[in-house]
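Notes for the one structure printed next.
The values are calculated or read from the model by the stated rules, or taken from the named source; none is laboratory data. These figures come from a predicted structure and were not determined experimentally. When we count neighbours, we look across all protein chains shown, and the Cβ atoms used for this are built from the backbone with ideal geometry, even at glycine. With ligands, DNA and RNA removed, areas are computed over all heavy atoms of the protein, side chains included. Shrake-Rupley method; radii C 1.70, N 1.55, O 1.52, S 1.80 Å.
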Amino acid sequence: MNEFKKAIKTLEFDRILSQLSECCDLESGRNKILSLTPSSDRREVARQLSLTSEAKTLLATGRKPMLYTHVSVPDILERAGKGAILTGQELLRIASLLASAASVKALGEQTSGEGVLGPVLSRLIPDKAFEAEIRRIVLSEDQIADDASPELYSIRKKINSSNLKIRENLQKYISGSMGAFLQENIITTRNGRYVIPVKVEYRNAVKGMVHDTSASGSTVFIEPASVVELNNQIRILESEQAREIEKILRTLSAEVDSRSEALALDDYNVTELSVIFAKAEYAFRLDASSPILDEGFRLRFEKARHPLVAKDRVVPINVSLGFDFDALVITGPNTGGKTVTLKTVGLLSMMVQTGMQIPVAEGSVACVFRDVLADIGDEQSIEQSLSTFSSHMVTIIDMIQRCGEGTLCLFDELGAGTDPVEGAALAVSILEHVRSRGSKLMATTHYAELKTYALEAEHVENASCEFDVNTLRPTYRLIIGTPGRSNAFLIAKRLGLPEDIIENASGRISSDSLKFEQLVEKLETDRIEMERLREEARRDREETEKMKNEALSERERLLAFAEKESERAKKEAARLVLTAKRESDEVFRELEKLKNAKEKELLAADLEKQRDQVRNRLRGIETQSEDLSVRDESDSDYVLPRPLVAGDRVIIAATGREGVVEKISGDTANVLVGSIRTRIPVKKLRLVTGLSPQKKTSQGLRRTSVSPRTNSGAEIDLRGEMADDAIILLDKFIDSSVLSGLEQITVIHGKGTGALRAAVGRFLKGDKRVKASRPGAYGEGDSGVTVVLLKN
């Protein structure tokens, strides 16, 4: 198959492949890219373009598989299949392949196997366990892990132990009396054995084997006799180590061979995907897009750019073939862009047929040619004694033999290099023959005969590369439908050639040729004027379209605003109705609250009256139960008849209240006064004589308790009480605390369901004896207690 072979070099398609390979992550993919050739199978071309488009979409969303650098593995698999032991480097390449397969497989699961690319992503066969095993054992290309096997671990442990013993032995030479015999105080190796550097004049002072001498001859490297056996042991262990490593690598190599089929598939698919994603990356670099594939052999490239010319330098062209004409004859001055146009069409066609997107505008049309044939450039051969014309003829003859239906033929300066009359006649004949065989063709020329042929022949069209006569520079724009002029006289005149020479030359042109040139000039003038009018019409149309769009936008805005205002008014009306309803409901609720509040106010007044009666009775009972023998506090001469003990009944000198001693702590006593526990200095207590100590009841201990905190006031424990009972106990406790002059008390109600805490809170909030209350802090009991400040 020689299709496209010559065109690859002639059109510089190999440079395209070189640039494409730079976008590939894998070496195996780069090698495959450099060997790519265009396909003439339309179905395969469509599939490849779809793969590139889907890969480009994934790249745009940041979803690119991690393809780890590895070379192609068929050679490795072949060696494993023959029973060879793979190296650490080869095994790590297998691990890299498996890592790439896992990454691609994960991406395939993300895409759910959709589109053309999905099945390619999903057909990978990762083996994470085997990959992990390789990486666990093979740490680098030349390093095997100590724990690769128990035997290797044991051998290396023995080697390390022997090395340590040797160093300890040799260290005695360095740090001992023999250190003066050494050239340097170091331990080194020669031939894999530990030695010490000894001055040559003391070689007989150190018993052992000489393994080497220095370049100057002043130092000998001696293995002392005391470490010979240890060195021998290390050599033996190193041999065992090498055999064990060989055994480990042989096992891994056998595992690779058992998986060779899956690994070969992974290698093929990963390489294929690296090429696909390289095409997608290259499309981003070129700002390229996928053209529409024509069913026949027609193309229409809009704003096409030569892919090898910098984007900021190239002038896009519009070119077509196969729609209104099958042959295009391009004329114009030298360096005007005629050859670049031929190469652009040929290169873009070959890129499409390799599955690459091309730098054209959206909506461009491409087709799949059976072959692209090109005769471009000066291919004269000194070795073959071929002139420029002869070398062109050799190429053209080959093209004529191979052209036919579905081929694209590109001729640069057809018929040049020989007599103009014969060359022009030959060029027309060649074009006619190629067209008769069904080929699509493009040709560049300076011959007027070819311009005339294009004007007269059916399905043949003239085109020209535009030239600015004012600046004497080409614009590189391709103008289809108008033949070009060489502008030789005009250029010569602008460059300073004498006028009489130019006039003499003009007179030598035949009248027919002169008329033709004048016709071309008139056509060029008309074309420029038509383009000017077309440009004005385009601007007017765009302005009209802009005004129309603005009017439509304004109309839509007004309609949207009206609809929005109508909706807002409806919502506002609904809101007003809802607000009025809520306000009326609120009025009714307030009236109901006022009614209930009146009833509660009467009930609360009655309840407060009953509380005051209960309090007065309790105070009366306590007053009647006070001992009449209480001494006045002013009796500073009072001395306790004996030391106080727990259970003694005492009188508090400051208040005259009677209590029971619970505990003596140095100069202070814990005294229970009614339901209140307090700490009082012993000197402020008076012993009630004639009474025996009382026993504490379990109920009293449960109802009240003394906090272990030394800086706290009195406490009452209400845990386990019903809310109503607890409030009665708390009410009495507050009375006693106020009478005792306490400023702070602690109410223990526990956490539980929170019902008792809520009842206590409500009671304290309405009690006039309470200055303030707060939940317990950290260390005080948290939310299980309430700390109360009392008014005095």
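Within a Cβ distance under 14 Å of Ala288, other residues only, what is the Lys/Arg minus Asp/Glu net charge? Intermediate results must be reported in sequence, preceding the final value.
Values: positive: Lys56, Lys279, Arg285, Lys303, Arg305, Lys311; negative: Glu281, Asp287, Glu302, Glu362.
Once all neighbours under 14 Å are counted, the net charge is +2.
Rounded to the nearest 20 debye, the dipole magnitude of the range 113-152 is 320 debye, with +1 charges on Lys and Arg beta carbons, -1 on Asp and Glu beta carbons, and the Cα centre as origin.
What area, in nm² and to one decimal, does the C-alpha convex hull of the range 49-115 cast on average over all directions?
Values: hull surface 22.8 nm².
Averaged projected hull area, Cα only: 5.7 nm².
Between the range 407-449 and the range 749-792, the alpha-carbon centres lie 110 Å apart. The modelled label-to-label distance for the pair Ala262/Glu586, using points 7 Å beyond Cα in the direction of Cβ, is 7.3 nm.
Can you give the Rg/Rh ratio of the range 359-461, where Rg is from the C-alpha atoms and Rh is the Kirkwood radius? Working shown, then result.
Details: Rg = 14.7 Å, Rh = 14.7 Å.
My calculation puts Rg/Rh at 1.00.
Measuring only protein heavy atoms, the 1.4 Å probe finds Cys24 accessible over about 10 Å². Within the range 114-130, find all residues whose amide N lies under 13 Å from a label point positioned 7 Å from the Cα of Glu272 along Cα-to-beta-carbon. So the set is 116-125.
Given a Förster radius of 25 Å and the C-beta distance between Asn792 and Asp725 as r, what FRET efficiency does 1/(1 + (r/R0)^6) yield to the nearest 0.05? Don't jump to the answer; show the numbers that get you there.
Details: r = 28 Å, r/R0 = 1.11.
According to the calculation, E is roughly 0.35.
As a calculated quantity, the FRET efficiency between Ser161 and Leu34 at R0 = 60 Å, using C-beta atoms, amounts to about 0.65.
List the residues of the range 84-126 whose backbone N lies under 13 Å from a point placed 7 Å from the Cα of Arg250 along the Cα-to-Cβ direction. Inside the label zone: 84-86.
Relative contact order of the range 350-452: 25 percent, from C-alpha pairs under 8 Å at least 6 residues apart in sequence.
For the range 154-268, a Kirkwood radius taken over Cα pairs fed into Stokes-Einstein (20 °C, viscosity 1.002 mPa s) yields D = 128 µm²/s.
Using a 1.4 Å probe and counting only protein heavy atoms, arrange His446, His749 so the residue with the most accessible area comes first.
On the way: His446 75, His749 10 Å².
Greatest to least solvent exposure: His446, His749.
Pairs of alpha carbons in the range 1-92 separated by more than 22 Å make up 50% of all such pairs.
Computed over Cα pairs, the Kirkwood radius of the range 211-361 leads via Stokes-Einstein (1.306 mPa s, 10 °C) to a diffusion coefficient of 71 µm² per second. Taken per residue, the accessible surface of the range 319-446 reaches 34 Å², heavy atoms only and a 1.4 Å probe.
With a probe of 1.4 Å, find how much accessible area the range 69-173 has per residue, and write the answer as a whole number in Å².
On the way: 5310 Å² over 105 residues.
On a per-residue basis, 51 Å².
Suppose R0 equals 30 Å. What FRET efficiency, 1/(1 + (r/R0)^6) with r the Cβ-Cβ distance, do Phe284 and Thr87 give to the nearest 0.05?
0.20
Taking the alpha carbon gyration tensor of the range 324-379, multiplying each eigenvalue by 5 and rooting it gives semi-axes of 22, 14, 13 Å, largest first.
Would you rank Thr579, Thr213, Thr219 by solvent-accessible area, highest first, keeping every protein chain in place and using a 1.4 Å probe? Don't skip to the answer; put the middle values down first.
Details: Thr579 50, Thr213 75, Thr219 10 Å².
In descending accessible area the options line up as Thr213, Thr579, Thr219.
Holding the Cα-Cα limit at 24 Å, pick out from Lys32/Lys279; Lys5/Lys303; Lys593/Lys765; Lys303/Lys343 the pairs that are longer than that. Spell out each step's value before the answer.
Values: Lys32/Lys279 12 Å; Lys5/Lys303 28 Å; Lys593/Lys765 21 Å; Lys303/Lys343 15 Å.
Correct reply: Lys5/Lys303.
Take 773-779, 240-246, 93-99, 132-138 and order them by the average number of nearby Cβ atoms within 10 Å per residue, most first; the result is 93-99, 132-138, 240-246, 773-779. Here the range 199-259 exposes an accessible surface that is 49 percent carbon and sulfur, computed with a 1.4 Å probe and the other protein chains kept in place.
What percentage of all Cα-Cα pairs in the range 26-178 are separated by more than 29 Å? Before the final figure, lay out each step's value.
On the way: 5112 of 11628 pairs.
Summing the P(r) tail past 29 Å for the range 26-178 gives 44 percent.
The protection proxy used here, the mean number of other Cβ atoms lying within 10 Å of each residue, ranks peptides 761-769, 645-653, 299-307 as follows, highest first: 299-307, 645-653, 761-769. Between Asn334 and Ala242, the simple label model (points 7 Å from Cα in the Cβ direction) yields a spacing of 7.2 nm. With a 1.4 Å probe and all protein chains left in place, how much of the accessible area of the range 49-104 comes from carbon and sulfur atoms, in whole percent? Of the solvent-accessible surface of the range 49-104, carbon and sulfur hold 53 percent.
In this rough spin-label picture, where each label sits 7 Å from Cα along the Cβ direction, the Glu362-Val200 distance is 8.6 nm. In the full protein context, the range 1-66 carries 53 Å² of accessible surface per residue, based on a 1.4 Å probe and ignoring ligands, DNA and RNA.
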